[in-house]
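Novice: Dropping a structure here in structure tokens format, bear with me for questions.
The values are calculated or read from the model by the stated rules, or taken from the named source; none is laboratory data. Note that the coordinates shown come from a computational prediction; the quantities given were computed from them, not determined experimentally. As a convention, Cβ positions derive from the backbone with ideal geometry for all residues, glycine included, and neighbour counts pool all protein chains shown. With ligands, DNA and RNA removed, areas are computed over all heavy atoms of the protein, side chains included. Shrake-Rupley method; radii C 1.70, N 1.55, O 1.52, S 1.80 Å.
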Amino acid sequence: MIKSIKFKISLLLCIGFMVMSCTEAIDFDQADDIILTPALEASLVYFDEPASRFVDNGSTILSIQDFISVAFFNDEFVVDNVEKAEFVFETQNTINRTFELQVDFLDQAGNLQHSLTVREDAAPDNTDTVTTYTEVFEGNSLSALKRTVTIVFTMRLLPGAPLDEDTVGRIQYKSYASFYINLNK
């Protein structure tokens, strides 16, 4: 019985100490100091074609074009909260031919808002040449990006050795975008 009373008193004292140790005032205004700035990444486009893809009926195709629709750039959430964007392009070439990748950002009416060009050197001995290019969108360029609804990718082969069905090598490019968001506005 005495052990039971001692146990109950000890338990009561422990609980009392724990309750008293957790009585510090909480400052809820600290929540106003929290800044939430997540970053989101999204893949844009991937292209991987052998040299023979640039030959049609024995003639070299000098340019290939594709596009993606990106109407979400002018979404209210994006317009209000995206503070910066970075587009990263990685190109690889094992063809003995220099090429350029031109990326055009168009608005709803088809007007050019922004443009960039990435150049990849020829690979004379068919070894991989790799170029990484980053385009940062802030200020006026970010405003142009937010008006964009279509991104057009144009790959151009620059003058050089002719290509045929047996030409060795390939051209590859891939890209992704990082969006930096401020949720405290």
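Novice: For region 103-185, count all C-alpha to C-alpha pairs, find those more than 17 Å apart, and express that count as a whole percent of the total.
Specialist: Value for region 103-185: 61 percent of Cα pairs lie more than 17 Å apart.
Novice: Moving on. Once R0 is set to 25 Å, what does the formula 1/(1 + (r/R0)^6) return for the Cβ-Cβ distance between Leu183 and Val136, expressed as a FRET efficiency to the nearest 0.05?
Specialist: 0.75
Novice: Moving on to the next point. Can you compute the equivalent ellipsoid semi-axes for region 43-185, i.e. the square root of 5 times each eigenvalue of the Cα gyration tensor, sorted largest first and rounded to whole Å?
Specialist: Listed largest to smallest, the semi-axes of region 43-185 are 34, 15, 11 Å.
Novice: Let me ask something else. Which residues' amide hydrogens lie under 5 Å from the amide hydrogen of Tyr176, considering only partners 5 or more residues apart or on another chain, with H built in the peptide plane?
Specialist: Residues meeting the criterion, in which the H sits 1.01 Å from N, are Leu44, Val88.
Novice: Further question on the same structure: Between Tyr46 and Arg156, what is the label-point separation in nm under the 7 Å Cα-to-beta-carbon projection?
Specialist: Here the answer is 2.8 nm between the modelled labels.
Novice: In bins 10 Å wide, starting from 0, what share of all Cα pairs of region 130-178 does each bin hold, as a percent?
Specialist: Per 10 Å bin, starting at 0, the Cα pair percentages come out as 15, 39, 25, 16, 5.
Novice: Next question. In the P(r) worked out for region 41-87, what percent of Cα pairs fall beyond 16 Å?
Specialist: Everything past 16 Å amounts to 61 percent.
Novice: Could you order Ser43, Ser143 so the one with the most accessible surface comes first? Probe is 1.4 Å.
Specialist: In descending accessible area the options line up as Ser43, Ser143.
Novice: Looking at region 73-117 from every direction and averaging, what is the projected area of its Cα convex hull in nm²?
Specialist: Averaging across all directions leaves 4.5 nm² for the Cα convex hull.
Novice: What is the set of long-range amide H partners of Ile95 at a cut-off below 5 Å, with H atoms built 1.01 Å from backbone N?
Specialist: Ala123, Arg170
Novice: Let me ask another. Per residue of region 163-178, what does 6.51 cos²θ - 1.76 cosθ + 1.60 with θ = phi - 60° give for ³J(HN,Hα)? Whole Hz please, x for Gly and Pro, Karplus curve as stated.
Specialist: So the J values, rounded to whole Hz, are 9, 9, 4, 9, 4, 8, x, 7, 10, 9, 9, 9, 8, 8, 10, 10.
Novice: So between Val78 and Leu62, what do we pick up on full extension, going 0.36 nm a residue minus the alpha carbon distance?
Specialist: That pair, Val78 and Leu62, stretches by 2.1 nm at full extension.
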